[in-house]
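Below you'll find the structure, written out as structure tokens, and then a few comments.
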Amino acid sequence: MKTKFIVEQPHPKWFSMSDCSKSLANEFLTFIIDYCIKQDIPFKTRVIDEIQNDYRLVHECLLHRICVVCGKPHADIHHIDTVGRGFNRNKINHVGKRVLPLCRNCHQQFHSMGAITFFQQNKIIPIKLTEDDVISLNLESKKQVEYYQENKNGNYKS
């Protein structure tokens, strides 16, 4: 892993974790965590303990549907910006909505403890969905995204 990390650096140079800078150590650890997320390698600790306040790693969890709190696979996409209650979630524009990947248990915890307590306890930064995210997560089709681009405020008409 270390060699792979070094080779991908702009100026490859061997280093030791015992005497490297804190920023290099953080970059290397982030690289390892990112690799584990992408390769679906389970964590022995809570995922959130490793990635708190790291938007990019939370985003990777989202794209791979890994619970950002406990690391379980097949996480639900929890909408911070509510989309239920009177809206058909299959016909709304998800672009720009804030979400988190949460397993059923953590999703339940979110609702039982409330958003403020959940965010204070876990120190997670929700992901703001881009058009690419929405398509890759199968929340909307490319056709729907294009429709929303043309009709900024309307719901999708199939």
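Only one of (1) at pLDDT below 70; (2) loosely packed, with under 15 Cβ neighbours inside 10 Å is not met by V47, so which one is it? Every listed condition holds for V47 apart from (2). Checking each residue in the stretch 69-117 for being modelled with pLDDT of 85 or more, surrounded by fewer than 17 Cβ atoms within 10 Å (Cβ to Cβ) and either polar (S, T, N, Q) or assigned to a helix (DSSP H, G or I) (or both) picks out R104, N105, Q108, H111, S112, M113, A115, I116, T117.
Taking the criterion of being assigned to a helix (DSSP H, G or I) and in contact with a strand residue (DSSP E or B) (Cβ under 9 Å, 6 or more places away or on another chain), the only residue of the stretch 130-147 that qualifies is D133.
Within the stretch 128-146, which residues are crowded, with 16+ Cβ neighbours inside 10 Å and modelled with pLDDT of 90 or more?
Answer for the stretch 128-146, where residues must be crowded, with 16+ Cβ neighbours inside 10 Å and modelled with pLDDT of 90 or more: L129, E131, D133, V134, I135, L137.
The values are calculated or read from the model by the stated rules, or taken from the named source; none is laboratory data. From a predicted model like this one, the values you see are computed outputs, not experimental measurements. FYI the Cβ positions are ideal-geometry reconstructions off the backbone, even for glycines, and counts take in every protein chain you see.
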